[in-house]
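Below: the structure, in structure tokens.
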Amino acid sequence: MTTADRKPRVFSGIQPTSDSFHLGNYLGALRQWVAMQDTADALYCVVDQHAITVDHDPKVLHQRSRASAAQLLALGLDPERCTLFIQSQVPEHAMLAWILGTETGFGEASRMTQFKDKSAKQERTTVGLFTYPVLMAADILVYQTDQVPVGEDQRQHLELSRDLAGRFNGTYGDTFIVPEPYIVKETATIKDLAEPEKKMSKSSTSPRGCLYLLDEPNLMRKKIKSAVTDSGGEVRYDMDAKPGVSNLLNIYAALGETTVGKLEAEYAGKGYGDFKGDLADVVADALGPIAAKTREYLADKAELDRILTAGAEKARHLAARTIAKAYKRIGFYPPVAL
Ligand code: AMP
Ligand code: TRP
């Protein structure tokens, strides 16, 4: 439904659940966020309301929301070219989530694999964790989003968002754009450096498995150099037989702006040592400056919060339009003005 006379609307979100984003977040999603600022009408959101679906400390959450926004700016999001904001500043997401929850089948929500994984890891599982994907659908649909840049692990959630949009439109009349996932194949799932059969994640069991964007460059180098590679010294792409090397090839191609094929040719006859040494430099050069830039944004909290509030105001104008439409469709009274 994207019309030729307007840029596609892009929306994506990230949870403020750690002090630093990691390489999987960056290559799977955030790099696309930065690139899409110029080709799309982009909104990006630090989803703090999603973050309270697991145990959290209010003070830490608040700091991490701000630190997340600072990292996104350090990575190249530009408030002049995109709308960056914090989810809890725009209440329309939660308003739409309530409506969408009444359109979601219990069995349908029960099939979400991330819910099953996360609830298995926690002692206490809440209704909020269960309905997490419904809030995510609301985030997306409230902005009439065309494309959602995410990593592969979000595909099932995106499918639910599409189903909910289609179902609501079918029952109550055209209201929402049905969003498309935007997933870059090569970097859709960056693997853990120590256990390449798992995806890279902050809950990695090995301290060397997850490379954080705010790691010291020397630590980044160490993590790359100690990454698990496979038997046989050949630098060749084969995700099944050589998942460790293949993962490093994907990382190298993405950060070094080259292709896996070219890298295979370049390292033919050379060993893993040369390859990892060069990749360690590529990673440290590409990501090393992010920490200092993040600190710069965090040094002026008032300015940072001003950027976020301005973003939330812009977002809220758009979201309120969809809420007005959805409320009418469903037979609600309109929200009163303050
Ligand atoms: P999260 O940290 O779960 O909030 O994820 C934020 C974004 O990063 C989402 O779009 C995820 O799909 C993406 N992402 C997380 N881990 C990875 C990974 N290992 N490889 C690729 N993308 C990832
Ligand atoms: N569930 C996403 C994740 O864990 C974060 C998220 C929340 C999101 N709302 C979203 C991503 C809307 C894209 C669009 O990564």
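With all pairs of different C-alpha atoms in the average, the Kirkwood value for the hydrodynamic radius of segment 84-196 is 15.2 Å. For segment 211-250, the fraction of C-alpha pairs farther apart than 12 angstrom is 58 percent. Under a 10 Å cutoff between Cα atoms, tell me which one of His62, His157, His50 has the largest fluctuation in the Gaussian network model of the chain. Answer for the Gaussian network model of the chain: His62. Simple rule: put +1 on each Lys or Arg Cβ and -1 on each Asp or Glu Cβ in the chain, find the dipole, and look at His22, Val228, Ser65; the Cα lying farthest toward the positive end is Ser65.
Here the Debye sum runs over all C-alpha atoms of the chain as equal scatterers in vacuum, and log10 of I(q)/I(0) at q = 0.10, 0.12, 0.13, 0.15 Å⁻¹ comes out as -0.62, -0.88, -1.02, -1.30.
Give me the accessible area per residue for the chain, probe 1.4 Å, as a whole number in Å². Could you put the intermediate results ahead of the total?
Numbers: 15970 Å² over 338 residues.
Accessible surface, normalised per residue, equals 47 Å².
Please compute the contact order of the chain in relative form: average sequence separation of alpha-carbon pairs under 8 Å and at least six residues apart, divided by the residue count, as a percent. Before the final figure, lay out the partial values.
Values: 527 pairs, mean separation 74.1, N = 338.
22 percent.
Cα-based values for segment 44-114, radius of gyration first and Dmax second, are 15.0, 42 Å. Using +1 at the C-beta of Lys and Arg and -1 at the C-beta of Asp and Glu, which of Phe85, Gln37, Gly101 has the Cα lying farthest in the positive direction of the dipole of the chain? Farthest towards the positive pole: Gly101.
The separation of segment 88-108 from segment 286-304, counted between C-alpha centres, amounts to 34 Å.
So how strong a dipole does segment 163-297 carry about its Cα centre when Lys and Arg Cβ are +1 and Asp and Glu Cβ are -1, to the nearest 20 debye? Don't skip to the answer; put the middle values down first.
Values: 18 positive and 21 negative charges, 88 e Å.
Dipole about the Cα centre, nearest 20: 420 debye.
Calculate how steeply helix 301-330 sits against the longest principal axis of the alpha-carbon atoms of the chain, using the helix alpha-carbon long axis, and give the answer as 0 to 90 degrees to the nearest 10. Here the helix axis deviates by roughly 50 degrees. Its Cα gyration tensor gives segment 168-257 an equivalent ellipsoid; the semi-axes, largest first and in whole Å, are 34, 17, 13.
Please give the charge dipole size of the chain, origin at the Cα centre, charges +1 on K and R Cβ atoms and -1 on D and E Cβ atoms. Round to the nearest 20 debye. Please list the in-between numbers first.
Numbers: 41 positive and 44 negative charges, 126 e Å.
The dipole of the chain has a size of about 600 debye.
Per the Cα gyration tensor, segment 214-276 maps to an equivalent ellipsoid with semi-axes of 19, 14, 11 Å, ordered largest to smallest. The charge dipole of segment 24-103, taken about its Cα centre with unit charges on the Cβ of Lys, Arg, Asp and Glu (plus for the first two, minus for the last two), comes to roughly 260 debye. Just so you know, the averaged projected area of the alpha carbon convex hull for segment 136-199 sits at 4.7 nm². Could you give me D for segment 236-338, from Stokes-Einstein at 37 °C and 0.692 mPa s, where the hydrodynamic radius is the Kirkwood radius over C-alpha pairs? Units µm² s⁻¹, please. It diffuses with D of about 177 µm²/s by this estimate. From largest to smallest, the equivalent ellipsoid semi-axes obtained for segment 104-166 from the alpha-carbon gyration tensor read 21, 12, 10 Å.
Helix 58-75 axis versus longest C-alpha principal axis of the chain: approximately 70°, rounded to the nearest ten.
The accessible surface of the chain, taken with every protein chain in place and a 1.4 Å probe, is 53 percent carbon and sulfur. Between the Cα long axis of helix 132-141 and the first principal axis of the chain there is an angle of about 70°, rounded to the nearest 10.
If the convex hull of the alpha-carbon atoms of segment 1-98 is projected onto planes in all directions, what is the mean projected area in square nanometres?
Working: hull surface 29.4 nm².
Result: a mean projected hull area of 7.3 nm².
Which whole-angstrom value gives the distance between the alpha carbon centres of segment 155-185 and segment 201-237? What the calculation gives is 36 Å, centre to centre. Our summary of shape: the Cα atoms of segment 3-45 have principal axis extents of 40, 16, 11 Å, ordered from largest down, in whole angstrom.
Thinking of segment 21-152 as a set of Cα atoms, what percent of all their pairs are more than 25 Å apart? Before the final figure, lay out the partial values.
Numbers: 2502 of 8646 pairs.
That fraction is 29 percent.
The values are calculated or read from the model by the stated rules, or taken from the named source; none is laboratory data. This one's a predicted model, so the numbers in the text were calculated from it and none came from an experiment. Positions of Cβ are generated from backbone atoms using ideal geometry, with glycine treated the same way; all protein chains shown enter the neighbour counts. Heads up: the accessible areas ignore ligands, DNA and RNA and are worked out on the full protein's heavy atoms, side chains in. Shrake-Rupley method; radii C 1.70, N 1.55, O 1.52, S 1.80 Å.
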